[in-house]
Amino acid sequence: MIDLRLLREDPDRVRASQRARGEDVALVDALLSADERRRSSGVRFDELRNEQKQLGKLIPKAAGDEKAELLKKAGQLAADVKTADAERDAADAETQELLLRLGNLVHPDVPVGGEEDFVTLETHGTIRDFGAEGFEPKDHLELGQLLGAIDVERGAKVSGSRFYFLTGVGALLELALVNAAIAQATEAGFTPMLTPALVRPQSMAGTGFLGQAAQDVYHLDKDDLYLVGTSEVPLAAYHMDEIIDVERLPLRYAGFSPCFRREAGSHGKDTKGIFRVHQFDKVEMFSYVAPEDSEAEHQRLLAWEKQWLTSLELPFRVIDVATGDLGASAARKFDCEAWIPTQGKYRELTSTSDCTEFQSRRLSIRVRDGKQVKPLATLNGTLCAVPRTIVAILENHQQADGSVYVPEVLRPYLGGREVLEPVSR
């Protein structure tokens with residue numbers, strides 16, 4: 001959530017942020033009104049309680065008609081205090097509810113617009129000309145079947161659409177990717193983490209995934225637990241309700257977990273293969289830093305993502321995501337999109353978001369710097385979303401005979417294989 005003091009001091013900035021996101025600007029004025037009622041009702045409650053305490057000191061000293069009058073006044077004060085207390089609680093609840101609906105303030109350099117209004121910052125690698133090489137590229141599903149690596153038919157039989165099996169070398173390729181990604185993250189100073197896949201509501205809400213993203217979340221009603229769509233959620237909640245000494249920062253974690261997403265808004269999109277699925281594994285970077293270091297940390301996370309994709313020898317571009325396509329928690333987000341030959345376009349493989357103090361305020365995570373205690377900044381960055389990375393590797397590194405070249409970084413985790421060979425033709 002944002003700082004209420006900032007809202008009071010500069011509401012136009014908050015309105016501009018909401019407008020840029022394409023969100024409800026009227027929410028700002030409703031929140032200002034609720035906050036004013038919360039503060040005024042709090043003052044009214046304190047005044048009445050103080051009057052009640054003063055009256056309580058006079059009653060034992062009074063007698064006769066004076067005491068009767070004071071007791072009558074005390075009864076009215078008790079009723080007024082109760083009413084003021086209820087009004088204060090109601091205004092506070094309304095303020096908190098509205099505050100939780102408000103997105104993070106967007107960074108001033110973020111391009112304004114919708115999904116297609118991003119700005120391309122960099123392009124890396126060379127897109128292969130398969131025509132010049134003399135063959136038509138196969139898509140990842142056909143290649144996966146040739147390699148005995150992907151089985152979506154049995155995935156659908158067992159679990160439904162958008163589920164799959166990784167078999168044989170496909171399973172080995174996932175394990176190679178995960179191990180190589182964790183190795184890179186560990187070398188960069190991240191602490192490897194295996195995180196829970198089920199979290200409590202406060203963890204999910206605290207990271208901002210029960211607002212605009214709620215439609216994509218799986219909820220277990222009987223247990224009131226949520227299946228995470230990313231290990232960002234348990235990693236953000238890891239230090240919930242804690243105060244961290246500034247000397248410990250930055251704290252960096254690399255979480256590996258299964259991820260679950262309904263993909264409720266993607267009907268008809270990427271229905272073939274394993275690009276957009278309901279369950280997948282992912283290696284996620286997560287950082288806790290001092291607020292003044294968040295922009296620099298964001299660039300570091302992006303650099304580690306670029307290092308990873310470069311090591312996989314994939315052509316990719318970096319985009320500055322537009323305001324209307326930011327998640328509620330992100331002040332700014334960079335995506336790395338790899339070229340997918342059979343689609344003829346770049347598709348998102350990794351993403352890194354600077355959430356500034358938004359999540360730490362909701363999760364009550366603070367930093368102690370001397371005598372000062374204040375919210376810190378949190379950031380996240382996908383290092384390897386496994387299925388999409390497999391898609392990019394198979395399609396970009398395929399050979400005319402259906403075999404697939406193995407990037408050097410993965411070979412130690414694939415028994416030294418330089419090529420994945422077809423098992424059927």
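Before moving on, here are some points about what is shown:
- Of all DSSP beta bridges confined to the chain, the antiparallel ones make up roughly 90%.
- Label separation (V25 vs E9): 2.4 nm, computed from points 7 Å beyond Cα along the C-beta direction.
- N50-K345 pseudo-label distance in nm [points 7 Å out on the Cα-to-Cβ vector]: 6.3
- All C-alpha pair distances within the chain, sorted into 10 Å bins from zero, spread as 4, 18, 26, 21, 13, 7, 4, 3, 2, 1, 0 percent across the bins.
- The residues packed around I244, meaning those with a beta-carbon under 14 Å from its beta-carbon, carry a net charge of -2 if Lys and Arg are +1 and Asp and Glu are -1.
- Rg to Rh, two decimals, where the stretch 13-70 supplies the alpha carbon set and Rh follows Kirkwood: 1.48
- Calculated FRET efficiency for the pair A62/L175, C-beta based, R₀ 51 Å, to 0.05: 0.05
- Percent of Cα pairs exceeding the 17 Å cut-off, where the set is the stretch 20-120: 66
- Extension gain, E97 to K371, is 95.6 nm, computed as 0.36 nm per intervening residue step minus the present C-alpha separation.
- Under the simplified labelling scheme, the A74-D221 pair shows an inter-label distance of 5.1 nm, with each label point 7 Å from Cα along Cα→Cβ.
- Under 18 Å of direct C-alpha separation, and excluding same-chain neighbours fewer than eight residues apart, K61 reaches these aspartates and glutamates: E51, E69.
- Take every Cα pair under 8 Å whose residues are at least 6 apart in sequence, average their separation, divide by the length of the stretch 4-101, and the relative contact order is 39 percent.
- Positive-end residue, the chain charge dipole about Cα centroid, Cβ charges, pick of T126, A63, L147: A63
- Of all the options A254, A156, A236, the one that moves most in a Gaussian network model of the chain with Cα springs shorter than 10 angstrom is A156.
- Listed residue pairs exceeding 20 Å between alpha carbons, taken from K138/K306; K306/K345; K157/K272; K222/K282; K138/K333; K53/K82: K138/K306; K222/K282; K138/K333
Computed from the coordinates by the stated procedures, all read-outs in this text should not be read as laboratory data. Quick caveat: nothing in here was measured; it's all calculated off a predicted structure. Counting neighbours? That spans all protein chains shown, and the Cβs are built from the backbone with ideal geometry, glycine included.
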